[in-house]
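First comes the structure, then the notes that go with it.
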Amino acid sequence: MYRAYWNMEFDPFSKEIDMKKLFKTNDFNEALTRLEFLNTTKGIGLFTGNPGSGKTYAIKYFLDNLNPNLYKVVYLPLTTISVMDFYQALAICLGLETGRSKTKLFFDIQNYIKQLVQEQKKNLVIAIDEAQLLSKEILTDLKILFNFDMDSKNMATLILIGLPVINHTLSKRIFEDLNQRIVMKYDFAGIAESDVRLYITDRLNLANANCNIFDDNSIVALASACNGSLRKLNLIITRALTIGATIKVQTINSDIIMKAVNDINLI
């Protein structure tokens, strides 16, 4: 409804926006630089951030832009599983048979990675989302599964994505070996206040809409209310645009933003 009122060709604040048109925040650029370095060195990378901070979008963008002729990409979002389920899920993603023996799956996966690198000349990149939910047993096995030639080679890239609490988990002595194997870490700060105005202008331009829909005070209110979360920012903006269209205003002000925030918090 509000798209027609605000003369938008499409909803520029939807998560379904083409990845090529994604707004690149400072977090996005910093993460991408580190992902490219990690991809060169191989090994384990840890990328953390609060909900809605944009970590999954940045990593999806990175993975989507890898050359399929040079890379095999695996994305695992299911982490509330047993160790055996984890091995089976990874085997399915690699196109391997899923047997009942963890030992067989372990060696099948390791042999597949070696064959992929040495014979097919392709690199394996595995991204595990919601990594803070991984069990102690899976975290323990990760350091073993990615141990090649007596820990003398990095033959794959493993990207762990999760909430900041995983940093506390990995700081425990029991995970010291795994923590030491993490060659790259980055914590998403979330969208900065200075980027909120740029983001809104960029999105409105993308939809060929009026870039002055939001007044200065509403921008300040949005930056404060979203608390760094790009997902929450989009929710508030969408609700504010809906309210604005309903009451037929020409500009979104801070009062409408506060009403939108209250509405969202009641959902």
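The values are calculated or read from the model by the stated rules, or taken from the named source; none is laboratory data. Please read all numbers here as calculations on a predicted model, not as lab measurements. Virtual Cβ from ideal backbone geometry, glycine too; neighbours counted across all protein chains shown. Heavy atoms of the whole protein, side chains included, go into the accessibility calculation; ligands, DNA and RNA do not. Shrake-Rupley method; radii C 1.70, N 1.55, O 1.52, S 1.80 Å.
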Arrange the residues 211, 226 by how much accessible surface each exposes, largest first, with a 1.4 angstrom probe. 211, 226
For residue 100 and residue 5, compute 0.36 nm times the residue count separating them, minus their Cα-Cα distance, and round to one decimal in nm. 28.4 nm
Per residue of segment 54-70, in order, report the coupling 6.51 cos²θ - 1.76 cosθ + 1.60 (Karplus, θ = phi - 60°) as ³J(HN,Hα) in whole Hz, putting x for Gly and Pro. x, 5, 5, 4, 4, 6, 4, 4, 4, 5, 5, 9, 7, 5, x, 7, 10
Calculate one ³J(HN,Hα) per residue across segment 233-239 by plugging θ = phi - 60° into the Karplus curve 6.51 cos²θ - 1.76 cosθ + 1.60, and present them in order as whole Hz with x for glycine and proline. 4, 5, 4, 5, 4, 4, 5
Cβ-placed point charges (K, R +1; D, E -1), dipole of segment 1-158 about Cα centre in debye, nearest 20: 240
Where the centre of each part is set by its Cα atoms, how far does segment 219-236 sit from segment 121-175, in angstrom? 32
If amide H atoms are built 1.01 Å from N in the plane of the peptide, which residues on other chains or at least 5 residues away come under 5 Å of the amide H of residue 124? 72, 157
Ranked by how many other beta carbons lie within 10 Å on average, peptides 121-127, 246-252, 5-11 from highest: 121-127, 5-11, 246-252
Accessible area of segment 1-57 belonging to carbon and sulfur atoms, whole % at 1.4 Å probe: 49
Which part of segment 153-179 falls in the paramagnetic zone of residue 73, meaning amide N under 19 Å from the point 7 Å along Cα-to-beta-carbon? 156-162
Among rounded, prolate and oblate, which fits segment 121-184 when a ≥ b ≥ c are the square roots of the eigenvalues of its C-alpha gyration tensor, a/c under 1.5 means rounded, and a/b larger than b/c means prolate? oblate
Using a Gaussian network model on the chain with a 10 Å cutoff between Cα atoms, which of 48, 40, 80 fluctuates the most? 40
Run the numbers on segment 152-261 and let me know its relative contact order in percent, using alpha-carbon pairs under 8 Å that are six or more apart. 23
Bridge type composition, the chain - antiparallel percent by DSSP, nearest 5: 5
Between residue 60 and residue 136, how many nm apart are label points set 7 Å from Cα along the C-beta direction? 3.4
Matching label, Cα Rg over 2.2 N^0.38 Å computed from the structure shown, candidates (i) 1.08; (ii) 1.19; (iii) 0.94: (ii)
Once amide hydrogens are built 1.01 Å from N within the peptide plane, the residues lying 5 or more places from residue 76 or on another chain with amide H under 5 Å from its amide H are 127, 128, 129
Which of 146, 78, 240 sits farthest toward the positive end of the charge dipole of the chain, with +1 on the Cβ of Lys and Arg and -1 on the Cβ of Asp and Glu? 146
Accessible area per residue, Å², segment 120-177 with all protein chains present, probe 1.4 Å: 47
Relative contact order (percent) for the chain, with alpha-carbon contacts under 8 angstrom and 6 or more residues of separation? 28
